[in-house]
Amino acid sequence: MSGPIETKAWSRAIADTILRQCDDKGNHEYILKRWAYVPGMLLRAMAKAGERLDHRAYHDFMKRHMDAFVQADGSIRTYRLEEYNLDQINQGKNVLTLYRETGESRYAEAANRLAAQLEGHPRTSEGGFWHKKVYPFQMWLDGLYMATPFLAEYAALFDRPDLLDEAAHQLLLIERKTRDPRTGLLYHGWDESREQEWADSTTGRSSHFWSRAMGWYAMALADSLEHFPVNHPKRGTIVGIFHRMCLALLRVQDKESGLWYQVLDQGDRKGNYLEASGSCMFVYAMAKGLRLGYLEPSFREPIRKGYEGIVNRLADIDANGDVHLHGICHGAGLSADRNGSFAYYVSEQVVSDAPMGMAPFLLASIEAEEEL
């Protein structure tokens, strides 16, 4: 297949849907309730839509909701540094955008608070960030998206090359700890202490390749790399592991639909299903990697097939013009009651229209419409 994608511009339709749902219908309480990673990703996607589609209302949506949290002195409503939770860093990416645009000191101070958390964050023996204080000695792929793009952009914006080195260290360490050499895929988490029920007693790794976990990591690589200068000693290695990982993802891409399964390497197993959020994250990361030169042109066709699979099989538009996305895993993690088994991952609730899927769908659409 060649030429432009033969669909409407989904990115604008998705962003307009979010505006209508949140502003016109008042369904924005989940954004305002607590400083958290899912609202942070949704607001970042809207800001990107405002920038790339040249539509100020999308950007203003982000700023309005961020200003409900960032106070005049730079303190952040509902945020507590002492939680030492990587999820709480993600929303800070929007703070950096606002500081870059306005120069207002409150945004700089808010960013400094988040950076201070990372500088003092609890770590494994090799310096890897714990996912949360309440998950000691555990690294999850999820956390790399939450923290490292923020850290890399903060380092570039505030001239902290030591923190850029830190971002590189985190990205490379977790890949080394979680990558399966046979498939090239990355396990969801790693427990250095080998104490958790879900952790292999020898390797410390969890037992399966969860689609969205690898999606988080793929986006972390693509977003962090933007802030590395070409002469950084680890930049080439990070580009290399991104390329190697994308090749591994293409090997498990469903040939018929172009999508990816909830448990990536077991598409033929009963109960497994084509999952929306991970598929959107992979399309976003690969399309961005293609645009920035990290991937060669041979990736274009698989990316196109993935995006068309999303819009043709998982998405629709109703009579009011609202976009709906189906097949979204509502949530998954690793803990005493979330053992990382195949049965666990396919048992989690599957929903439609959740921000966990809509945000990466918007990001994927922006990149796909520009690059494909």
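The values are calculated or read from the model by the stated rules, or taken from the named source; none is laboratory data. Note that the structure is predicted; figures quoted are calculated from it, not measured. Glycine gets a Cβ as well: all are built from the backbone with ideal geometry, and neighbour counts include every protein chain shown. Calculation scope for accessible area: heavy atoms of the full protein, side chains included, ligands and nucleic acids excluded. Shrake-Rupley method; radii C 1.70, N 1.55, O 1.52, S 1.80 Å.
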Exactly one of 354, 287, 315 is within 14 Å of residue 14 (Cα to Cα) and under 17 Å from the mean Cα position of the chain (by Cα), and that one is 354
Of the residues in segment 26-47, those that are over 16 Å from residue 106 (Cβ atoms) and surrounded by 21 or more Cβ atoms within 10 Å (Cβ to Cβ) come to 31, 39, 40, 41, 42, 43, 44, 45, 46, 47
Subset of segment 248-265 [outside any loop (DSSP other than H, G, I, E, B) and over 19 Å from the mean Cα position of the chain (by Cα)]:
251
Answer yes or no as to whether residue 23 is open to solvent by 50 Å² or more (accessible area, probe 1.4 Å), in a loop (DSSP other than H, G, I, E, B) and free of Cβ contacts under 8 Å to residues at least 40 places away in the same chain.
no
Return yes or no: is residue 321 at positive phi and touching a residue at least 24 places away in the same chain (Cβ under 8 Å)?
yes
Residues (surrounded by fewer than 22 Cβ atoms within 10 Å (Cβ to Cβ) and either assigned to a helix (DSSP H, G or I) or in contact with a helix residue (DSSP H, G or I) (Cβ under 6 Å, 6 or more places away or on another chain) (or both)) located in segment 54-64:
56, 57, 59, 60, 63, 64
For segment 320-351, enumerate the residues that are in a loop (DSSP other than H, G, I, E, B) and of a type in the set (Ser, Thr, Tyr).
341
Restricted to segment 187-241, and to residues that are of a type in the set (Phe, Trp, Tyr) and part of a loop (DSSP other than H, G, I, E, B), which residue is nearest to residue 262 (Cα to Cα)?
209
Could you tell me whether residue 13 is surrounded by fewer than 19 Cβ atoms within 10 Å (Cβ to Cβ), farther than 23 Å from residue 154 by Cα and more than 19 Å from the chain's Cα centre (by Cα)?
yes
For residues that are surrounded by 14 or more Cβ atoms within 10 Å (Cβ to Cβ) and among the charged types (D, E, K, R), scanning just segment 309-346, find the one that is nearest to residue 143 (Cα to Cα).
338
